[in-house]
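All remarks here apply to the structure that follows.
The values are calculated or read from the model by the stated rules, or taken from the named source; none is laboratory data. What you see is a predicted model, and the numbers here were worked out from it, not measured in a lab. Cβ coordinates were reconstructed from backbone atoms using ideal geometry, including for glycine residues, and neighbour counts include every protein chain displayed.
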Amino acid sequence: MPEQWGAKAREVDFFDIKGDVEALLGLTLSADSFEFTAASHPALQPGQSAQILRAGAPAGWIGALAPALQQAIDIPRKIYLMELDLEVLEPARLPVFRPLSRYPSVRRDLAVIVDASLEMATIRKALVEAAGEILTNIVIFDVYQGQNIEKTKKSLAIGLTLQHPSRTLADEDINTIINKCINVLEAQFNAELRM
């Protein structure tokens, strides 16, 4: 966050650096071709490391420095690092102009319970395929593990923004897409819809 008075100062975490890396990958204009997959690296802390892939090809690493290495260099605070292969980052999709839609967008939020080991990128990819071109944005805005949820599960709150380029979406259009997304979550990930 930029400097401001409303939020307490806190330590940087894995998701902060992941956001920085995603911002860099966004400059390639093909951020959707990248994915983060949990993987082990000898210099990174297990459980807090990921390999970055572009269209399945290795593109780099991200994670927390392994505790033994951090002790060896005697730095008290947790260290996060990233490594990106510049050659893999260079090919970029050229931007294509699309006229802005004059029709309203609609946001629908879903709350589901899934296995705690399930990666967000996998869920995101399935929802993008299920919703199709009318999906203009998807965001996972809350992840909860704790009281009232099994230890092997997590609750996700997912926001889907839908917009048609040439007409206003009717309720039945929206409901069809949302139901398709729910069916995909249930079929592929054994997700349970929270009411």
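For the reader, a short list of remarks on this structure follows.
- Only one of ASP115, ASP109, ASP74, ASP85 that is at pLDDT 90 or above and over 29 Å from LEU185 (Cα atoms): ASP85
- Just one of the listed residues (ILE134, ILE140, ILE177) is under 17 Å from the mean Cα position of the chain (by Cα) and not charged (D, E, K, R), and it is ILE140.
- Considering LYS78, LYS154, the condition of being touching a strand residue (DSSP E or B) at 6+ places or on another chain (Cβ under 7 Å) and in a loop (DSSP other than H, G, I, E, B) is satisfied by LYS78 alone.
- In the range 82-122, the residue that is farthest from ILE62 (Cα to Cα) out of those that are exposed (fewer than 10 other Cβ atoms within 10 Å of the Cβ) and aliphatic (A, V, I, L, M) is LEU100.
Each row is one residue, and each column tells you yes or no for (1) closer than 18 Å to ALA111 by Cβ; (2) of a type in the set (A, V, I, L, M); (3) assigned by TED's automatic domain parsing to the domain that holds GLN145.
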{"residue": "LEU156", "(1), (2), (3)": "yes, yes, yes"}
{"residue": "GLY159", "(1), (2), (3)": "yes, no, yes"}
{"residue": "LEU162", "(1), (2), (3)": "yes, yes, yes"}
{"residue": "SER166", "(1), (2), (3)": "no, no, yes"}
{"residue": "ALA170", "(1), (2), (3)": "no, yes, yes"}
{"residue": "ASN183", "(1), (2), (3)": "yes, no, yes"}
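- Restricting the range 166-195 to residues that are assigned to a helix (DSSP H, G or I) and among the aliphatic types (A, V, I, L, M), the residue that is surrounded by the most Cβ atoms within 10 Å (Cβ to Cβ): LEU185
- Qualifying residue in the range 41-53 (condition: modelled with pLDDT under 90 and either in the same structural domain as LEU135 (by TED's automatic domain parsing) or among the aliphatic types (A, V, I, L, M) (or both)): no
- Matching residues in the range 1-36 - criterion: being closer than 16 Å to GLY56 by Cβ and either touching a helix residue (DSSP H, G or I) at 6+ places or on another chain (Cβ under 7 Å) or modelled with pLDDT of 90 or more (or both): LEU25, THR28, ALA31, PHE34, GLU35, PHE36
- Within the range 4-14, the presence of at least one residue that is surrounded by 10 or more Cβ atoms within 10 Å (Cβ to Cβ) and either closer than 20 Å to ILE123 by Cβ or free of Cβ contacts under 8 Å to residues at least 24 places away in the same chain (or both) is confirmed.
- Filtered residue count, the range 53-77, keeping only those that are surrounded by 15 or more Cβ atoms within 10 Å (Cβ to Cβ) and either over 17 Å from HIS41 (Cα atoms) or over 23 Å from the mean Cα position of the chain (by Cα) (or both): 3
- Residue match in the range 64-74 (condition: in contact with a strand residue (DSSP E or B) (Cβ under 8 Å, 6 or more places away or on another chain) and assigned to a loop (DSSP other than H, G, I, E, B)): yes
- Residue in the range 84-93 that is assigned to a strand (DSSP E or B) and touching a residue at least 40 places away in the same chain (Cβ under 8 Å) present: yes
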